[in-house]
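Working notes, beginning with the structure itself.
The values are calculated or read from the model by the stated rules, or taken from the named source; none is laboratory data. Since we're looking at a predicted model, the values are computed, not measured. When we count neighbours, we look across all protein chains shown, and the Cβ atoms used for this are built from the backbone with ideal geometry, even at glycine.
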Amino acid sequence: MKEDFKCPCKEVDPDNFLSNEQIEELIATMNSYKFKQDDYLKVYNCIHCNECGTAEERFLLKYKFLKDGNNIDGLDDVITTIEKYGTPFKLNKSRIKTIPGVKINSKTLLYLGCFTSVKTPKYGQNVIRYLLKEKVEFAILEEEICCGYPILCTGATETYKRLVQRNKDIFIEKGFERIITACPSCYMVFKKEYEDLNLKIDYFTDYLKPIHEKKNGNLIIQHACPLRNGAIEGIVEKLEEIFNKSGYNVIESVPNECCGGGIGHQLRIDVINEIALKRMEQFNKINVNEDSENLITTYCPDAYWIIKVFGRKRRIKFKLKDMCELLL
């Protein structure tokens with residue numbers, strides 16, 4: 001638990017922010033109170049960037065909110081969809097096209113995730129292309145089961161556990177020994193829930209290398225908050241070094257803050273939208289030579305989508321490209 005942190009949710013909705021001290025007290029006294037429907041604004045004023053270090057505790061409070069008889073508009077429909085189809089996106093299960101070179105059978109699984117497959121298919125396709133270029137052998141499931149993180153963020157823990165078990169059964173049946181993920185949420189769930197399977201869990205950035213044919217241009221990296229905030233030690237420095245060595249001028253985005261997309265685009269959308277617009281305004285305040293190529297990248301599909309959508313709204317001067325695209 002961090003004592004000193006800067007929370008984007010606190011900045012945009014301070015009246016409904018729960019401090020670490022308040023979280024600690026609510027967890028310690030869970031049996032002595034019941035949440036009311038009006039508590040929704042406080043309990044769900046969190047995008048789980050883990051800047052505070054109390055992400056797990058905040059999940060517990062969301063679970064209690066639902067257990068105490070409260071509700072979230074549309075949650076029952078989402079649970080029904082995810083239980084039936086294995087994904088929140090029943091109409092668009094996957095838009096990513098098959099790319100020649102992917103193995104039918106492999107001990108390594110490339111798990112793209114729901115959001116990547118449906119919302120940011122280009123990001124996912126470039127991950128596939130890059131890994132193939134690096135001669136990494138892997139298989140892709142014809143139909144993935146959601147890792148469960150989006151539903152965990154609502155507090156529907158029982159549905160989350162069922163999704164975890166469904167994936168566990170698939171991984172055992174297929175005999176996978178290694179999983180490469182393209183989404184921070186999937187990475188965190190797999191690291192936490194599948195330790196007993198002795199699976200090696202990698203993030204796709206583990207395979208990124210500097211390119212020999214030097215590139216140029218100014219580059220901002222929007223980091224994946226949960227990964228930089230403890231899930232993968234040293235990821236910020238490693239990625240900045242890779243792109244600097246590739247010829248890009250990696251410029252520091254000050255302040256280097258969350259884009260708002262930590263839980264996708266669900267629940268407190270008002271908070272997410274305000275954080276996202278604030279982040280885009282910060283990008284526009286960065287002084288760069290506009291005669292140079294100015295680029296922005298990220299290794300999180302949620303952040304990629306946020307920058308794409310809200311960057312247009314604020315007309316940021318940086319062209320969005322995913323990391324693999326920059327190194328292909």
### Query
When the stretch 154-200 is examined, which residues are found to be among the small types (Gly, Ala, Ser), surrounded by fewer than 21 Cβ atoms within 10 Å (Cβ to Cβ) and closer than 27 Å to LYS122 by Cβ?
none
#### Entry: Whichever residue in the stretch 303-328 is in contact with an Asp or Glu (Cβ under 8 Å, 6 or more places away or on another chain) and in a helix (DSSP H, G or I) and, among such residues, is nearest to ASN249 (Cα to Cα)
TYR304
## Note on the structure
Filtering the stretch 99-131 down to residues that are more than 23 Å from the chain's Cα centre (by Cα) and either in contact (Cβ under 8 Å) with a residue 12 or more places away in the chain or under 21 Å from ILE211 (Cβ atoms) (or both) yields ILE99, GLY101, VAL102, LYS103, ILE104, ASN105, SER106, LYS107
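Which of the residues spanning the stretch 119-170 are of a type in the set (A, V, I, L, M) and touching a Lys or Arg at 6+ places or on another chain (Cβ under 6 Å)?
Within the stretch 119-170, ALA139, ILE145 meet the criteria.
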### Task
Report yes if ILE151 is assigned to a helix (DSSP H, G or I) and either crowded, with 20+ Cβ neighbours inside 10 Å or modelled with pLDDT of 95 or more (or both), otherwise no.
yes
### Task
Keeping to the stretch 306-325, report how many residues are surrounded by 21 or more Cβ atoms within 10 Å (Cβ to Cβ) and touching a residue at least 60 places away in the same chain (Cβ under 8 Å).
5
### Query
Only one of TYR63, TYR33 is of a type outside the set (Asp, Glu), loosely packed, with under 13 Cβ neighbours inside 10 Å and at pLDDT 95 or above; which?
TYR33
### Task
Might you let me know whether the stretch 201-220 holds any residue that is touching a Cys at 6+ places or on another chain (Cβ under 7 Å) and surrounded by 22 or more Cβ atoms within 10 Å (Cβ to Cβ)?
no
### Selected residue [at pLDDT below 95 and closer than 21 Å to VAL236 by Cα] from ILE286, ILE306
ILE286
### Query
Of the residues in the stretch 280-302, how many are out of contact with any helix residue (DSSP H, G or I) (no Cβ under 7 Å at 6 or more places or on another chain) and in a loop (DSSP other than H, G, I, E, B)?
9
### Summary
Counting only residues in the stretch 88-134 that are among the polar types (S, T, N, Q) and modelled with pLDDT under 85, the one surrounded by the fewest Cβ atoms within 10 Å (Cβ to Cβ) is identified as THR98
#### Entry: Scan of the stretch 236-254 for residues that are surrounded by 14 or more Cβ atoms within 10 Å (Cβ to Cβ) and part of a loop (DSSP other than H, G, I, E, B), ordered by number
SER246, GLY247, TYR248, ILE251, SER253
